[in-house]
1. Give Gly304, Gly290 a once-over and let me know the one that is open to solvent by less than 20 Å² (accessible area, probe 1.4 Å), over 20 Å from Glu351 (Cβ atoms) and in a loop (DSSP other than H, G, I, E, B).
2. Sort through Asp58, Asp85, Asp74, Asp47 and tell me the only one that's under 30 Å from Pro425 (Cβ atoms), surrounded by 20 or more Cβ atoms within 10 Å (Cβ to Cβ), of a type in the set (Asp, Glu) and modelled with pLDDT of 85 or more.
3. Of the conditions (1) crowded, with 17+ Cβ neighbours inside 10 Å; (2) not in a strand (DSSP E or B), Asp317 fails just one. Which one is it?
4. Residue under question is Phe297, and the condition is that it be open to solvent by less than 40 Å² (accessible area, probe 1.4 Å), closer than 24 Å to Asn379 by Cβ and modelled with pLDDT of 95 or more; does it hold?
5. For segment 403-422, how many residues meet the condition of being assigned to a helix (DSSP H, G or I) and aromatic (Phe, Trp, Tyr)?
6. Step by step: first the residues of segment 238-253, then only those that are outside any strand (DSSP E or B) and buried (at least 20 other Cβ atoms within 10 Å of the Cβ), then the one that is farthest from the chain's Cα centre (by Cα). Which residue is that?
7. Of all residues in segment 382-412, count the ones that are open to solvent by less than 20 Å² (accessible area, probe 1.4 Å) and within 19 Å of Pro319 (Cα to Cα).
8. Among the numbered conditions (1) under 16 Å from the mean Cα position of the chain (by Cα); (2) assigned to a helix (DSSP H, G or I), tell me where Ala232 comes up short.
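The values are calculated or read from the model by the stated rules, or taken from the named source; none is laboratory data. Model, not experiment: these values are computed from the prediction. Here the Cβ is made from the backbone with ideal geometry for all residues, glycine too, and neighbour counts use every protein chain on show. With ligands, DNA and RNA removed, areas are computed over all heavy atoms of the protein, side chains included. Shrake-Rupley method; radii C 1.70, N 1.55, O 1.52, S 1.80 Å.
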Amino acid sequence: MALSRRVLLGRLAATGAAGAALAAGAGPAQAAPPAHGGGRRVHTGFDRLSADGYRLLDGRTAGIVTNPTGVTHDLRHIVDVMHADDRVRLTAVFGPEHGFRGTAQAGGSEGRYDDPATGLPVYDTYNKSGKALADIFGASGVDTVVFDIQDVGARFYTYIWTLYDCMVAAALAGKRFLVLDRPNPVTGRSATGPVLDKAYASFVGREPIAQAHGMTVAELALLFNGEFVPQAAGRPVELATALMTGWRRTDFFDATGLPWVPPSPNVPTPDTALVYSGTCLFEGTNLSEGRGTTRPFELLGADGIDHRWAAAATELDLPGVHFREAYFAPTFSKFQGKTVGGVQLHVHDREAFDPVRTGIGLLVTAKRVWGGFAWRPDNGIDRLTGSSTVRKMIDAGAGTDEIVAAWRENLTRFRALRRRYLRYP
């Protein structure tokens with residue numbers, strides 16, 4: 001019997017998933033091919049969904065929230081794969097910040113359009129929440145909303161709040177919700193940093209979680225649905241998760257065998273993700289956070305800074321990182337086209353490195369050595385750190401250890417809450 005192109009491609013996609021079973025109770029996965037560079041290979045939530053014949057979507061009309069990171073091991077986009085498979089009824093795509101195909105810069109999206117590759121309608125979810133987003137889900141005609149986006153592990157990275165907003169909207173619209181899991185690229189060993197004060201809630205932090213949460217998106221979805229969605233929507237969403245196989249909490253991204261696709265234009269590599277939960281705090285200052293360079297969030301600086309900042313940061317003896325005096329000229333964003341001085345972070349021991357403590361130490365020393373230091377006029381630093389505490393303590397002359405100690409009690413409580421929703425060893 002002749003096979004249609006869509007059926008043939010669908011079977012090839014299922015074969016490529018190496019027979020991994022869904023976390024919902026199917027049998028053990030078949031032996032997987034070796035990861036890139038040898039070692040283990042992680043199977044993502046999508047790998048397991050497709051290997052199981054899309055059982056979790058059986059009889060469903062689905063729309064998917066995704067971006068360029070929603071890819072298979074061989075870098076085919078999962079929307080293209082699912083659209084070509086007769087076993088899946090995929091009828092809509094929902095684009096987050098930067099857009100479904102990733103054409104927009106920070107703070108932008110692609111708007112409403114029909115995807116040229118598949119013909120599917122693409123709806124814009126950026127900066128939409130509550131009833132407005134529920135209405136989009138209703139108008140799309142789907143009964144199940146699927147989520148598959150690579151996170152970077154930081155509270156202020158907006159994709160996890162796209163997840164949260166979509167879960168709330170799906171609950172309001174009476175839609176089912178399925179999360180396809182991917183690794184936390186900077187490990188899931190622990191949560192660190194200040195916990196958000198709800199008075200400072202925004203799109204860079206809707207709910208009280210730690211600045212570096214140490215969770216995967218599926219684990220966060222379970223936490224959101226258990227703790228926060230019922231308060232926002234009046235009830236939890238009907239939630240399913242397709243968990244990974246092969247991932248351990250101690251794994252950095254290069255241990256997974258997965259290809260890295262930049263989840264946003266200024267997170268080009270896993271090295272960027274490693275420092276991001278600390279150095280993104282410089283978005284709340286008048287210093288460049290390295291946007292417009294080839295090393296965003298690893299290069300920091302401003303006009304008038306010299307070798308004294310790297311020296312002061314080095315004196316903190318922060319674990320796992322060296323600071324190099326650096327000069328650079330951003331091609332866009334702050335100090336566009338102007339050569340500025342600052343530091344470059346070189347993480348030499350990522351097991352010991354604490355990005356949040358490092359970010360605080362760099363803020364403390366930048367203010368100490370550079371007379372031009374200033375917070376952004378809108379006090380955006382408070383939204384990034386989750387309260388006014390860090391800003392006020394730095395202004396009062398507090399040191400790094402004193403500031404870190406100030407969030408210890410709230411962090412201890414969050415860690416206890418977080419443990420209830422962890423799903424990987």
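1. The conditions single out Gly290.
2. Just a single option satisfies the conditions, and that option is Asp47.
3. For Asp317, the failing item is (1).
4. yes
5. Result for segment 403-422: 1.
6. Only one residue tops the list, namely Gly246.
7. Number of matching residues: 2.
8. (1)
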